[in-house]
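Report on one structure; see the data block that follows.
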Amino acid sequence: MASEQQTSNTPEEERDLWRTPLWLFRFLEHRYGPFNVDLAADDNNHLHPVYLTLKDDALTHDWPSVGYRGFLNCPYSDPLPWVRRAIEFADDHDFSTTMVLPTHRNEKWAALSIFATERIEFEGRVAFDRPDGTPGNSPRGGTQIFHFRAGDLGHTRVTWVSTTQLKKRWS
């Protein structure tokens, strides 16, 4: 069975390149930051001046070498190694990660949300920016946030927030 990512209408070469909307990044930085690094970015879509690219190979990079709080909108085609890495660094290296993820409950990585310190669910869809920076349409699926705080894994708190209210406040 195809994953929800594989059934997307987005061209395959663009699926992992969409940008987090600035209002969402601002909200997350206010709540969990300040961030020291954007952990999965490129020269066109980074939201922090310090960022790791595909060339940097963020999955093998030592995240704490660039600070202690990271923002991560990982490739949706395969979030599992990213979620595992965030848990590892929060547990063993005193590094907190705030991740933007799809709400694909049937994927293996989704079960790892039990290790998150907080999971944020959205009332309303989060429309991401296309790789060229132009606003995209609302996606088919929802968006959620996993926050893995160093030294505080598990006992997950679930919070619901209004997309409309966040856009008004953080745009």
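The values are calculated or read from the model by the stated rules, or taken from the named source; none is laboratory data. These figures come from a predicted structure and were not determined experimentally. FYI the Cβ positions are ideal-geometry reconstructions off the backbone, even for glycines, and counts take in every protein chain you see. Heavy atoms of the whole protein, side chains included, go into the accessibility calculation; ligands, DNA and RNA do not. Shrake-Rupley method; radii C 1.70, N 1.55, O 1.52, S 1.80 Å.
Name the most mobile residue of T159, T143, T103, meaning the one with the largest mean-square fluctuation, in a Gaussian network model of the chain with Cα contacts below 10 Å.
Per the Cα network of the chain with a 10 Å cutoff, T159 tops the list.
Given the options S77, S96, S113, state which has the largest fluctuation in a GNM of the chain using a 10 Å cut-off (strictly under) for Cα springs.
Most flexible of the set in this elastic network: S77.
Which values of log₁₀ I(q)/I(0), to two decimal places, follow from the Debye formula for region 108-163 at q = 0.25 Å⁻¹ with a uniform point scatterer at every Cα?
Listed by q, the Debye log ratios stand at -0.95.
Given the chain, what percent of its DSSP beta bridges are antiparallel, to the nearest 5?
50
Please give the length that would be gained between D62 and T156 if that part of the chain were fully extended, namely 0.36 nm times their separation in residues minus their C-alpha to C-alpha distance (nm, one decimal).
31.3 nm
Any chance you could look up the accessible area of H61 with a 1.4 Å probe, heavy atoms only, rounded to 10 Å²?
50
Where nothing but the Cβ of Lys and Arg (+1) and of Asp and Glu (-1) is charged, how large is the charge dipole of the chain around its Cα centre, in debye to the nearest 20?
Result for the chain is approximately 800 debye, rounded to the nearest 20.
With a bin width of 10 angstrom, please list the P(r) values of region 55-103 as percents of all Cα-Cα pairs, from the 0 bin to the one holding the largest distance.
25, 61, 14, 0
On the Cα set of region 84-132, report Rg and Dmax in Å, please.
For region 84-132, the Cα-based Rg and Dmax read 13.0, 37 Å.
What's the Kirkwood radius of region 50-169 in Å, using all Cα pairs?
Computed over region 50-169, the radius equals 15.1 Å.
Quick one: which of 27-34, 51-58 comes out on top by average Cβ neighbours within 10 Å, and what's the full order, highest first?
Order by mean packing, descending: 27-34, 51-58.
May I ask you to derive the relative contact order of the chain, considering only C-alpha pairs under 8 Å and at least 6 residues apart, and to give it as an integer percent?
Once divided by the residue count of the chain, the mean separation gives 24 percent.
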